[in-house]
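Below: the structure, in structure tokens.
The values are calculated or read from the model by the stated rules, or taken from the named source; none is laboratory data. Quick caveat, the model's predicted, so the values are computed rather than measured. For neighbour counting, all protein chains shown are included, and Cβ atoms are generated from backbone atoms with ideal geometry for every residue, glycine included. Note: accessible area is taken over every heavy atom of the protein model, side chains too, but ligands, DNA and RNA are not part of it. Shrake-Rupley method; radii C 1.70, N 1.55, O 1.52, S 1.80 Å.
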Amino acid sequence: MSEIAKLELEGQTYEIPVIAGTENEKALDISKLRGQTGYITLDRGFKNTGSCMSAITFLDGEKGILRYRGYPIEQLAEQASFLEVTYLILYGELPTKAQLAEFEEDISQHTLVHEDMKRFFEAYPAKAHPMGILASMICSMSTFYPESQDPNRPEDAFQLTIKRLIAKLPTLAAMVYKNSVRHPFMYPKNDLGYIENFMYMTWGMPTEEFEPDPVIASALNKLLILHADHEQNCSASTVRIVGSSQANLYASISAGVSALWGPLHGGANQAVIEMLEAIREDGGDLDKWIAKAKDKNDPFRLMGFGHRVYKNFDPRATIIKKACDDVLDKLGIDDPTLDLAKKLEEVALNDPYFVERGLYPNVDFYSGIIYRAIGIPTEMFTVMFAFGRLPGWIAQWKEMLDNGDPIGRPRQVYTGENERQYVPLENR
Ligand code: CMC
């Protein structure tokens, strides 16, 4: 028999069903609460609210566990390719060799973006932030594929949209980069692998031969896998809620890119490097910056530290920290920022303020150092996060539709004026 919780309210007892997930995560199902009691629940920032049932990603913030479709992130980051993980996240199972080959082939057939999209780039100011351009470009794709706007189209058509997005995002990301340095766009070269093709479009030049560096390809592969999904975070929830109105996939993903841009979410990777640079330029007094982060009257926060869900450690940060040492070592780069980041981590982790609040380095603390080492400019870091997160957003969006979730529409507790009468302008 399923478990029942009891709620006592104004002398009445109500039964609330208890739901358990496959990892025994427990939830109170309050979907009938308002109808039965007239009450709603209030949970600012959704800190205790489950918005959906999901079979994509499991994470346990206390134990530092992250699994995609049941597979531990450590194993995937070490052994899998990003497209393999993309397939896993989208379709629920690891692909066989034949399935992966077919998927890679399919993706390589859709890498070109419509030639007219090149013209959009002419209109952006030279200093336009890459995330603003990326969000607009992804949303613009819906205008080139108007059939994607039909919520009742057959499954094949959905799959084509999904493949188009996965194939074209690296092309768009590379175009955003080329535009920022005012270099000519490079058309995709489809005999290259997915990541190598992105590298070619980003760092290749029409006049030169380009040989993708395997150290960089492998670092990118790992970083993209680590970002591929993270259950109901701010951007994934945004994608789901936009999609719940039956807005098309391109529009929903574009909204996810915008949500990711903020410095409290994916934009933290850019903010971390800027913070480390500022600390260095300021003379490197770590105690001073730690004191600033602890001061409630100072808006400064230690960027790359803390997480809504992880309260012990972020397993992605552990993998990235190690990868950081490996990559810099293999590329022969000595980056003083890495030493500074390690020292800052050590000081913070020995400070009761951070320990008591469970604030540890998150995925963004060390990722920027690798991105910089492999030649990605600071303002492009969050674009790389979006590139990695794309399969997760798509899978979350599709799962929401397949589960028949209703339109997302929270309620509120109104705190404004009670009814009052309009006063004509001449009497005010
Ligand atoms: N520096 C200083 N204090 C912090 C920090 C920080 N980075 N993060 C949280 N706190 C404090 C916060 O002031 C609060 O203190 P108190 O209890 O005294 O009021 C306490 O810790 C709990 O913080 P919160 O803001 O209630 O926690 P949250 O779950 O709402 O926020 C967070 C999570 C990630 C937004 C926050 O930790 C933060 O702003 N971190 C810095 C930005 C960052 O690195 N974001 C990337 C997150 S990981 C990538 C991704 O988005 O997936």
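Worth pointing out:
- Which numbered condition ASP298 misses (of (1) surrounded by 15 or more Cβ atoms within 10 Å (Cβ to Cβ); (2) touching a helix residue (DSSP H, G or I) at 6+ places or on another chain (Cβ under 6 Å); (3) among the charged types (D, E, K, R)): (1)
- Every residue from region 146-162 that is open to solvent by less than 40 Å² (accessible area, probe 1.4 Å) and more than 16 Å from GLY256 (Cβ to Cβ): ARG153, ALA157, PHE158, GLN159
- THR238 vs. criteria without any contact (Cβ under 8 Å) to a residue 40 or more places away in the chain, among the β-branched types (Val, Ile, Thr) and within 16 Å of the ligand (Cβ to nearest atom): yes
- Test for ASP405: is it acidic (Asp, Glu), under 23 Å from the mean Cα position of the chain (by Cα), open to solvent by 10 Å² or more (accessible area, probe 1.4 Å) and modelled with pLDDT of 95 or more: yes
- When every residue of region 9-24 is checked against the conditions, none turns out to be within 16 Å of the ligand (Cβ to nearest atom) and open to solvent by 80 Å² or more (accessible area, probe 1.4 Å).
- Failed criterion for GLU345 (all others in (1) out of contact with any His (no Cβ under 9 Å at 6 or more places or on another chain); (2) in contact (Cβ under 8 Å) with a residue 60 or more places away in the chain; (3) of a type outside the set (Gly, Ala, Ser) hold): (2)
- Matching residues, region 301-347, being open to solvent by 60 Å² or more (accessible area, probe 1.4 Å), assigned to a loop (DSSP other than H, G, I, E, B) and farther than 23 Å from ILE374 by Cα: ARG301, ARG308, LYS311, ASN312, PHE313
- Here is the figure for region 372-428: residues that are without any contact (Cβ under 8 Å) to a residue 60 or more places away in the chain and aromatic (Phe, Trp, Tyr) total 2.
- Residue within region 372-382 that is under 15 Å from the mean Cα position of the chain (by Cα), aromatic (Phe, Trp, Tyr), crowded, with 21+ Cβ neighbours inside 10 Å and closer than 18 Å to LEU59 by Cβ present: no
- Any chance LEU249 is more than 10 Å from the ligand (Cβ to nearest atom) and either of a type in the set (Ser, Thr, Tyr) or in the same structural domain as ALA386 (by TED's automatic domain parsing) (or both): yes
- If only residues of region 367-423 that are part of a helix (DSSP H, G or I) and of a type in the set (Phe, Trp, Tyr) are counted, the one that is nearest to SER254 (Cα to Cα) is TRP393.
- Among the numbered conditions (1) of a type outside the set (S, T, N, Q); (2) open to solvent by 30 Å² or more (accessible area, probe 1.4 Å); (3) under 20 Å from the mean Cα position of the chain (by Cα), the only one that PRO130 does not meet is (2).
- Residue among ASN350, ASN362 that is within 12 Å of the ligand (Cβ to nearest atom), open to solvent by 10 Å² or more (accessible area, probe 1.4 Å) and either assigned by TED's automatic domain parsing to the domain that holds PHE82 or on the phi < 0 side of the Ramachandran plot (or both): ASN362
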